[in-house]
1. Just to be sure I understand, how many residues within the stretch 106-142 are touching a Gly at 6+ places or on another chain (Cβ under 6 Å) and in a loop (DSSP other than H, G, I, E, B)?
2. I want to confirm something. Restricting to the stretch 85-95 and keeping residues that are at pLDDT 90 or above and of a type outside the set (F, W, Y), which single residue is farthest from L149 (Cα to Cα)?
3. Within the stretch 293-314, which residues are surrounded by 17 or more Cβ atoms within 10 Å (Cβ to Cβ) and β-branched (V, I, T)?
4. Regarding T11, is this residue farther than 30 Å from D107 by Cα and within 16 Å of the ligand (Cβ to nearest atom)?
5. Test each condition in (1) in a strand (DSSP E or B); (2) under 22 Å from L574 (Cβ atoms) for N145 and report the one that comes out false.
6. I'd like the full set of residues that are at pLDDT below 95 and open to solvent by less than 20 Å² (accessible area, probe 1.4 Å), limited to the stretch 5-18.
7. State whether one or more residues within the stretch 365-373 are at pLDDT below 95 and open to solvent by 20 Å² or more (accessible area, probe 1.4 Å).
8. Quick one: count up the residues across the stretch 214-264 that are within 11 Å of the ligand (Cβ to nearest atom) and charged (D, E, K, R).
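The values are calculated or read from the model by the stated rules, or taken from the named source; none is laboratory data. Bear in mind the structure is a predicted one, so any value in this text is a computation, not a measurement. Methodologically, a virtual Cβ is constructed for each residue, glycine included, from the backbone with ideal geometry; neighbour enumeration extends over all protein chains shown. Surface accessibility is based on the protein's heavy atoms, side chains included, excluding ligands, DNA and RNA. Shrake-Rupley method; radii C 1.70, N 1.55, O 1.52, S 1.80 Å.
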Amino acid sequence: MSHAIGIDLGTTNTVVAAVVDGVAVTLEDEHQRRLLPSVVSFHPSGTVLVGEAARERRLIDPENTIFSIKPLIGRTFDSDEVKAARARFPFLLTEGSKNSTMVLARDVAYALPEISAFVLRRAKAIAEQALGGTVDRAVITVPANFNDLQRASTKIAGKLAGLDVLRILNEPTAAALAYGQSIAKAEKIAVYDLGGGTFDITLLDLSGNVFEVLATAGDTALGGDDIDRLLAEHLAREVMKKFNFDPTSNPVAFARLRFIAEEVKKELSSRTSVDREISGIGYTEGGVPIQMTMTITRDALDKIALPLIERTITVSRQSVEIIGLDPKDFDRVILVGGSTRMPLAATHVGKFFGQTPHLKVNPDEVVALGAAIQAHALNRSKAGSKRKSAHDQLAKAQGGGASGDNVPSSPPTANPNPANVDVPRAPGVPAGMTPEAPSPGFFQFEKAQAVITFSPPPAPPHGAGAKPPPLPQRAGQSGAPSRTSRPIEGTPAREHSVALPGPKPARRSAAPQEAVPDLELGAALDGRSGANLGAIVASTFEQPAPTAQAFARGSAIETAENAPLLIDVTPLSLRVETVGGYCDVLISANSPVPCEKARTFLTASDNQTVVFIRVAQGESSRFAENTYLGELELSGLKPAERGSVKILVTFELDADGILNVRAMDKETNRETNATMRLLGTSTDAAALSEMAARQARHVVA
Ligand code: AMP
């Protein structure tokens, strides 16, 4: 069996880990480095440098050296985040199709998932070298607060890198998984994750090997990079005062100051004052190279960083309140992400939760370790299902019975479908708590044995088979005017010339659906299915052949005997536009995933054959204040009287937190032609093939 790895694809650094002999370990490159800078530099030779070599080129080739793009992945070109980034990055961001964001390097425009794919290719190569074998499966982590487009784009990046992405996993959940391996009793855990570009707070209930996320919140545009920028601006003001030269007006000079600022910031985590020479940023009016020594104190840095840290505490407070708990109710607070090394962050988190936060596992590596644990569990369950199917075929060929007996010696199990770990469940019902919702947590792995046995499901976290307590709605939702009983009349049916039905989403067993009022709509839908991604051609780029067992390991965590059962939530509500610029919530924030919701829509005018539905993700009742995901188009409706055509639209959030949509004509029970046009990202086969072809053109080093 090939290896499955966990990858923490960070804004600043990427970390790779794997489970080897029951131990989760981070993997080192040939220079014994465990942090791979998430920097990609397009060398004139055509080679794409990734990591430290690329980082060094930030100073000499800033226009072709791409860094910190993670918070922008899945963001449209006209989004505030991209606008702000365009002003500060020394490389050029351009607009691609569907308002997507591209980056220009050596006259070639690359989609942002392509840049991440280069990093992932290098990560894959490091893992293959370290493990001495092929690696083609991975769990990739994302900030908990990533929206649908950002998750889908990350998955595309994995595919482009030649990886079968077993799961998109939330970073804080991964961190909790890693910590949870050593926790024997039930605990409430808060994971405070402050990285280079993003902040997340995640609150979990841990009981045995069941990890249940209670709430998650965050800010995908807040992290250590912002602190670097503020400190660099502070240094620039000092330079300006002394030399009447403004380094912020010159991208190369400011890139150098940011570089210095980050170094100084890191040093100030272990010292109270740093003397730093500032040079290489330009010349005085008289043509003399600018050079000065500055003393920067931790106090000064803290003053600069305080407003940002306070923002993280505000978000933390809100998420604790959402689930009706007190900060003191948490048994353990875990710090994750490089920026939590700042004493200011640790102090404020400690004050808020009333306890000293844990830093037992290296905060840079804990996420990758958790991802590796989950990758291992999913890989084994996948391998198990393959074996099971081989077993079934063999049984059939021998005239044997059905496949019901999964593995000969297994005890009776509540899990009728061990291969499918993505089966949806009723909203509000934790995964794995019903026979319809199996999960890898039910699998018990026996070391050094090629057979998977099934153990009875673990005790539910809230009592046998019980639902978790309902989560109060987030601020903003409750204030939304209810529009569910009113017809939607604002969106007139539009003519369209092309219908582009994608591959049909894989059918899954239907979860019970909530009764919701019908909506009348002048538009319709279809779904983007994860299956679209399958259209991508296998990457054919050169990859160094894996060499022998030069196994290098960094941080290590002994994994628990039972694979973890994860119950995660979606961070953001999914909304549909209604009249007057408002929107309705279909799936609310903090709903456990996977989940699905269905609603019936009606045509709004006579003889309407096409309907459109606009979908957004976020917490505002005003549609425009949320992240616009795209538009669903449903065509081929039977011309009929207004309101007489009913379409059942099902929104399904899969275990990766990615939205799939399907639509059905209720009269005929027929799947209707429905297409979701996603904004800011290209999931169609042609665009994906182009991206794959561009990958194939470059060797990664
Ligand atoms: P991550 O995204 O988790 O890799 O975190 C990267 C961020 O952590 C970057 O902004 C780094 O500058 C920051 N960082 C790394 N080490 C330190 C340190 N010792 N003190 C303060 N910030 C750090």
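1. 0
2. Top of the filtered list is L92.
3. I296, I304, I309, T312, I313
4. No, not satisfied.
5. Condition (1) is where N145 drops out.
6. Scanning the stretch 5-18 gives G10, T11.
7. Within the stretch 365-373, not a single residue is at pLDDT below 95 and open to solvent by 20 Å² or more (accessible area, probe 1.4 Å).
8. Count: 7.
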